[in-house]
Amino acid sequence: MAHERTGAVTLGGSPVTLIGPELRVGDKAPDFALLTNDRRKAHLTDYKNKTCIITTIPSLDTGVCDLQTRLLNEEASKMGDDVAVLAISADLPFAQARWCKESNVEAITILSDHFDLSFGTAYGTYMKEKRLECRAVFVINQEGTIKYVEYVPEVTDHADYESALQVAKEVINKAGAAK
């Protein structure tokens, strides 16, 4: 049975239970099995040799999630081919595809954890009471090590995007210098 973390975050001021471990900087990033908007499987290994910025959101159809995903799409368009920016929610792939088309979001990859919450239980972002992801941000280097983690304490608040993007830029620069 997966580890439960009660009260680790709140949603609208009410504590919720997160399923899965609390990951930390230095941990090896767990693999996952998600669905693309056209219902193909996607795994962390699909992004090997890339720096990954991964954000989880409750639903693209909410104001904060919409803004967060649009902001990261804008940032992703400036980053180049050695970076993958992934936005993960438990929304159905059909809803994600609709949102991407309506929002003209093309620089990031939107993935669905709806089927079995593989990501949520591996990264500790699955909110048991809501069957949704909490708001979190992870930066993973090209070797698969977590370099930044933020579980946003109040799910309806924005993440610290600037800090996450700064760490991602440092990881990218370090990887570029090593080539």
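The values are calculated or read from the model by the stated rules, or taken from the named source; none is laboratory data. Here the structure is a predicted model, which is why all the values come from computation and not from measurement. Here the Cβ is made from the backbone with ideal geometry for all residues, glycine too, and neighbour counts use every protein chain on show. Accessible surface is based on the protein model in full, side chains and every heavy atom, while ligands, DNA and RNA are left aside. Shrake-Rupley method; radii C 1.70, N 1.55, O 1.52, S 1.80 Å.
Label region 70-118 by shape, choosing from rounded, prolate and oblate, from the square roots a ≥ b ≥ c of the eigenvalues of the Cα gyration tensor; if a/c is under 1.5 it is rounded, and otherwise prolate applies when a/b is larger than b/c, oblate when it is not. Note, shape of region 70-118 comes out oblate.
Grab the beta carbon distance between ASP157 and SER103, set R0 = 22 Å, and tell me the FRET efficiency rounded to 0.05.
Working: r = 21 Å, r/R0 = 0.96.
So, using R0 = 22 Å, E works out to roughly 0.55.
Averaging the sequence gap over all C-alpha pairs within less than 8 Å and six or more residues apart, then dividing by the number of residues, gives region 1-115 a relative contact order of 25 percent.
For the chain, the mean residue ellipticity at 222 nm estimated from helices alone is -8500 deg cm²/dmol, where every DSSP H run of n ≥ 4 contributes -39500 (n - 2.57) and the total is divided by all residues, rounded to the nearest 500. Straightening the chain between LYS41 and ASP61 buys 4.9 nm, computed as 0.36 nm per residue apart minus the Cα-Cα spacing. The residues of the chain expose, per residue, 48 Å² of accessible area to a 1.4 Å probe. In the frame of its principal axes, the chain has Cα extents of 46, 36, 29 Å, reported largest first. Residues whose amide H lies under 5 Å from that of ALA84, counting only those 5 or more places away or on a different chain, are THR51, CYS52, ILE53; hydrogens are built 1.01 Å from N in the peptide plane. In this rough spin-label picture, where each label sits 7 Å from Cα along the Cβ direction, the ASN173-ASN49 distance is 2.5 nm.
Loop only by DSSP, 15 or fewer other Cβ within 10 Å of the Cβ. Give me the trypsin sites (Lys or Arg not before Pro) in region 36-100 that pass, ordered by residue number. It would help to have the intermediate numbers written out before the result.
Working: sites: ARG39, ARG40, LYS41, LYS48, LYS50, ARG70, LYS78, ARG98; in loops: ARG39, ARG40, LYS48, LYS50, LYS78.
When the trypsin sites (Lys or Arg not before Pro) of region 36-100 are filtered for loop state and at most 15 Cβ neighbours within 10 Å, ARG39, ARG40, LYS48, LYS78 remain.
If R0 is 25 Å, the Cβ-Cβ spacing of ASP31 and ASP82 corresponds to a FRET efficiency of close to 0.80. At a Förster radius of 22 Å, what calculated FRET efficiency corresponds to the Cβ-Cβ distance of ASP116 and GLU22, to the nearest 0.05? About 0.60, to the nearest 0.05.
Gyration tensor over the Cα atoms of region 112-179: the corresponding equivalent ellipsoid has semi-axes (square roots of 5 times the eigenvalues, largest first) of 27, 15, 7 Å.
In whole percent, what relative contact order does region 51-165 give with Cα contacts below 8 Å and a gap of six or more residues? Please report the intermediate quantities before stating the final value.
Details: 197 pairs, mean separation 34.2, N = 115.
Computed value for region 51-165: 30 percent relative contact order.
Spatially, region 120-179 and region 1-55 are offset by 9 Å when compared through their Cα centroids. Ligands, DNA and RNA left out, the accessible area of the chain computed with a 1.4 Å probe is 51% carbon and sulfur. For the pair PHE94 and THR10, label points projected 7 Å from Cα toward Cβ lie 3.7 nm apart.
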